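Have a look at the structure below, then the notes.
Values quoted throughout were computed directly from the atomic coordinates according to the rules given, and no laboratory measurement underlies them. Remember, it's a predicted structure, so these values are computed and weren't measured experimentally. In this analysis, Cβ positions are derived from the backbone assuming ideal geometry, glycine residues included, and neighbour counts consider all displayed protein chains.
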Amino acid sequence: MINALDFATGDGFADDTSALQQALEGGNKTLLIPDGTYIISTAIRVFSDTRISATPKAVIRMSDGTGKRLEDWLVCNADPGKGNSAITITAPKIDKISLAAGGFKYLGLNCR
């Protein structure tokens, strides 16, 4: 298991996009996102066989000025052409949206 804080700040001010992306590179891993607010400015691309698990007080939020268009995503698969599979995201708060306790399970979510 990889801890997001080994890469990102989670302080609610710094852009954690590239740090979280680096933590997820290559797929086939589990990323734990501990308590904190993680700001992202572009979609985090997730590879196959990846699990993202956030604690109840962790928030993933788009930076100011992003997320205004329908095609702006917080998370999408790393290969939009072929798609990815076995991606599991369990997070109580993504961009201020509360999710069900079980989180989301994405199988081949495509965004460009």
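Residue separation times 0.36 nm, minus the C-alpha to C-alpha distance between residue 6 and residue 35: what's the value?
Numbers: separation 29, 0.36 × 29 = 10.44 nm, distance 1.32 nm.
Once the chain is fully extended between residue 6 and residue 35, it gains 9.1 nm.
Electrostatic bookkeeping for residue 15 treats Lys and Arg as +1 and Asp and Glu as -1; over the other residues with beta carbon under 13 Å from its beta carbon, the sum is -2.
Between residue 18 and residue 55, the modelled labels are 2.7 nm apart [label points 7 Å from Cα along Cα→Cβ].
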